[in-house]
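The values are calculated or read from the model by the stated rules, or taken from the named source; none is laboratory data. Given the structure is predicted, the values throughout are model-derived calculations rather than measurements. When we count neighbours, we look across all protein chains shown, and the Cβ atoms used for this are built from the backbone with ideal geometry, even at glycine. With ligands, DNA and RNA removed, areas are computed over all heavy atoms of the protein, side chains included. Shrake-Rupley method; radii C 1.70, N 1.55, O 1.52, S 1.80 Å.
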Amino acid sequence: MPEATAPAPGKKPIVPFLALPSDPGEKPYLTGSRCTNCGASYLGTRMACSKCFSTEAMEPVKLSDRGELHVFSIVHQSAPGVPTPYVAAIVDLPEGVSVRCNIAGVGADPKDLKFGMPVQMVTEAIRKDRDGNDVIAFSFKPV
Amino acid sequence: MREVAVVGVAMIKFGRYPEKTVPELAGQAALLALKDAGMDMKDIELLASGNLYQSNAMVGQRILQTIGQTGIPVINVANACATGSTAFREAYFAVASGAYDTAIAIGSEQMGKMGLLGAGGGGGSDPAYSTEGVLGSGLMPAVFGMAGVEHMRKYGTTAEQFAKVSVKNHKHSMHNPYSQYQTEVGLEDVMNARVVSWPNTLYMCCPTGDGAAAAVLCSMEKARQYTTKPIRVGASVLTSDPWTQRDLTMPDINTLTRNASREAYETAGLGPEDIDLIELHDCFATAELLHYENLGICGEGEAGRMIDEGATYVGGKIPVNASGGLLSKGHPLGATGVANVCEVVWHLRGEAGNRQVEGAKVGLAHVIGLGSACTIQILEKV
Ligand SMILES: [Zn+2]
């Protein structure tokens with residue numbers, strides 16, 4: 001089973017469940033865990049299964065970089081410093097995991113979005129952190 | 001468990017009181033509720049105090065330092081938007097258990113203008129790792145926007161139908177002197193207003209503000225000593241979010257409300273058809289339609305039609321948010337869940353003035369706090 005490898009020097013993921021493989025030939029991916037008792041899947045790691053309460057070790061899962069748009073909202077007003085408008089969304093991945101993300105590559109207009117439309121994960125460096133590392137974030141864009 | 005009655009209620013008009021302290025706002029509501037009950041502080045055996053923003057600051061004790069230090073047990077409660085209603089439930093169980101004969105629940109909050117967009121979310125100490133606006137949004141306007149969009153996806157509900165909720169609740173607010181805003185708005189005004197988080201526009205989002213409300217509870221045996229109009233607590237239910245497929249990513253506001261309403265109806269021994277009025281948690285207009293179905297007052301996918309038909313106006317089949325709802329009345333977090341008990345009690349007593357739901361015998365007060373907590377109180381005229 002794949003495990004999140006250490007991030008490449010100078011790059012750090014915005015959240016722990018975004019894996020940044022050090023091999024430049026390997027694309028970044030999201031990591032999840034699957035309950036070995038009931039099969040419920042989660043983003044990132046967990047202490048126990050919140051569906052069946054099993055405390056058996058969870059199976060790490062490398063999540064697909066393709067999914068479907070479940071729902072969205074067009075955010076026009078946000079916290080100070082957050083650029084608007086943008087498309088906030090929930091994307092469903094085939095492993096049964098949902099991801100909260102921005103949808104990139106579309107207008108901030110409900111007409112540009114279709115329920116169930118296929119989307120693909122992309123990553124980019126969005127900021128520098130205090131130690132000078134590039135902070136890598138992900139978003140999804142229509143395929 | 002023994003029967004419990006609400007024997008006194010009060011709230012102050014929600015709004016902005018920058019010159020007052022939280023204990024002053026809360027103390028004012030508490031004294032009014034005690035007066036309404038014909039009691040004073042020495043009659044009260046327990047205080048449950050709900051306040052979110054000052055949850056580490058012993059608000060309940062500070063209220064008593066303002067209105068009367070009798071040495072009674074004080075429970076300070078924080079439970080997001082369900083803070084006040086959870087305090088009410090603590091007071092209810094204190095009396096229902098038989099341990100105390102009387103209790104007061106006080107909800108208070110001073111939000112100023114920071115409110116719902118004040119928190120950035122995530123990131124720990126280095127803001128470079130803040131996820132807000134980068135990995136979607138965890139702020140309430142987007143969360144409830146997406147919840148509404150999910151209803152659109154499932155049932156074809158339209159942005160206009162959600163907007164109609166705002167028109168209704170603003171219309172109701174015109175008759176509520178306790179409402180932070182008393183402004184009528186037309187459908188065009190709502191639809192054309194600045195978008196906050198689509199489909200919710202400015203008028204479809206509750207304002208932030210300050211406020212306080214209080215309710216005095218008493219065992220039913222002793223209630224008649226204080227009032228000729230005791231209101232029975234038929235059910236007081238609290239649920240949290242159970243596992244559902246997307247809940248950890250996209251808060252599921254539906255399942256815990258459905259669990260709470262099922263339990264509340266069962267406990268009270270009645271069903272949605274027996275309810276004469278509802279105060280529900282319309283923090284955003286989208287939420288109200290979802291809760292019509294969650295509370296069982298219409299079938300699955302019928303909420304849009306229900307608002308189209310005007311069934312939830314005062315005078316309609318089942319009036320919802322006669323107070324003006326959170327959209328108009330305001331939503332000082334800790335005060336909200338006690339204030340909606342006040343509203344229902346006033347209707348059941350026939351004291352709701354021009355917004356009175358005629359002949360109301362049973363009312364339901366619902367609150368949801370994201371994270372998540374849901375409370376439902378069923379109140380009955382005796
Ligand atoms: Zn499991």
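Listing for the model above:
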| item | result |
| --- | --- |
| Simple spin-label estimate for B:Gln245 and A:Arg46 in nanometres, 7 Å along Cα-Cβ | 1.5 |
| Chains B and A together, accessible area buried on both sides, 1.4 angstrom probe, square angstrom | 3500 |
| Gain upon complete extension [B:Glu160, B:Arg224; 0.36 nm per residue less C-alpha separation] | 18.3 nm |
| Relative frequency of Cα-Cα separations exceeding 18 Å in the stretch A:44-100, percent | 55 |
| Largest-first principal axis extents, alpha carbons of the stretch B:183-222, Å | 53, 19, 19 |
| The stretch A:11-142 - accessible surface per residue (Å², probe 1.4 Å) | 48 |
| About the Cα centre, charge dipole magnitude for chain B (Lys/Arg +1, Asp/Glu -1 at Cβ), debye | 520 |
| Per-residue HN-Hα couplings for the stretch B:180-189 [Karplus 6.51, -1.76, 1.60; θ = phi - 60°; Hz; x = Gly/Pro] | 4, 10, 10, 10, 7, 10, x, 4, 5, 4 |
| Dipole magnitude of the protein assembly as shown, debye to nearest 20 (Cβ charges: Lys/Arg +1, Asp/Glu -1, about Cα centre) | 460 |
| Whole-angstrom Cα spans of the stretch B:260-382 along principal axes, big to small | 33, 31, 30 |
| A:Val61 long-range amide H proximity, modeled H, under 5 Å | A:Gly32, A:Ser33, A:Arg34 |
| Dipole of chain A, positive end: most advanced residue of A:Tyr86, A:Ser33, A:Met58 [Cβ charges, Cα centre] | A:Tyr86 |
| Restraint check, A:Lys114/B:Lys168; B:Lys164/B:Lys329; B:Lys222/B:Lys381; B:Lys42/B:Lys381; B:Lys317/B:Lys361; B:Lys42/B:Lys361, Cα-Cα greater than 20 Å | A:Lys114/B:Lys168; B:Lys42/B:Lys381; B:Lys42/B:Lys361 |
| Sites B:Met58 and B:Arg2 - FRET efficiency at Förster radius 30 Å, r taken between beta-carbons, to 0.05 | 0.50 |
| The stretch A:11-142, accessible surface, carbon-and-sulfur percent (1.4 angstrom probe) | 50 |
| For A:47-60, mean number of other protein chain Cβ atoms within 10 Å | 1 |
| Accessible surface of chain B, 1.4 Å probe, proportion on carbon and sulfur as whole % | 49 |
| Residue-wise HN-Hα coupling along the stretch A:101-117, computed from phi with Karplus coefficients 6.51, -1.76, 1.60 (Hz; x: Gly, Pro) | 7, 8, 9, 9, x, 9, x, 7, 9, x, 5, 7, 10, 10, 4, x, 5 |
| Three-way shape call for the stretch B:288-333 based on the alpha-carbon gyration tensor, with the a/c threshold at 1.5 | oblate |
| Antiparallel content of DSSP bridges confined to the stretch A:11-142, in %, to 5 | 90 |
| For B:Gly8, distant residues with modelled amide H under 5 Å away | B:Val216 |
| Heavy-atom surface of the stretch B:14-161, accessible at 1.4 Å and reported per residue (Å²) | 38 |
| Distance histogram in 20 Å bins (all Cα pairs of chain B, percent per bin) | 32, 59, 9, 0 |
| Loop chymotrypsin sites (Phe, Trp or Tyr not before Pro), the stretch B:188-245 (other Cβ atoms within 10 Å of the site Cβ: 15 or fewer; DSSP) | B:Trp243 |
| Average other protein chain Cβ within 10 Å of Cβ, residues A:88-96 | 4 |
| Antiparallel content of DSSP bridges confined to chain B, in %, to 5 | 75 |
| Along principal axes, Cα extents of the protein assembly as shown, largest first, whole Å | 80, 49, 47 |
| Reachable lysines, given that their alpha-carbon falls under 19 Å from the alpha-carbon of B:Lys20 and they are not under 8 places away in the same chain | B:Lys113 |
| Unit charges on C-beta of K, R, D, E only; dipole of chain A, Debye | 240 |
| Kirkwood Rh in Å, taken over the stretch B:1-109 so that all alpha-carbon pairs contribute | 13.8 |
| Heavy-atom accessible area, 1.4 Å probe, ligands and nucleic acids excluded: residues of the stretch B:245-284 down by at least 40 Å² from chain alone | B:Gln245, B:Arg246, B:Leu248, B:Thr249 |
| Cα lying deepest toward the dipole's positive end in the protein assembly as shown, options B:Ala260, B:Tyr17, B:Gly156, charges on Cβ | B:Tyr17 |
| Under-5 Å amide H pairs with A:Glu95, H placed in peptide plane, nonlocal only | A:Ser64 |
| For the stretch A:11-142: rounded, prolate or oblate by the Cα gyration tensor [a/c cutoff 1.5] | oblate |
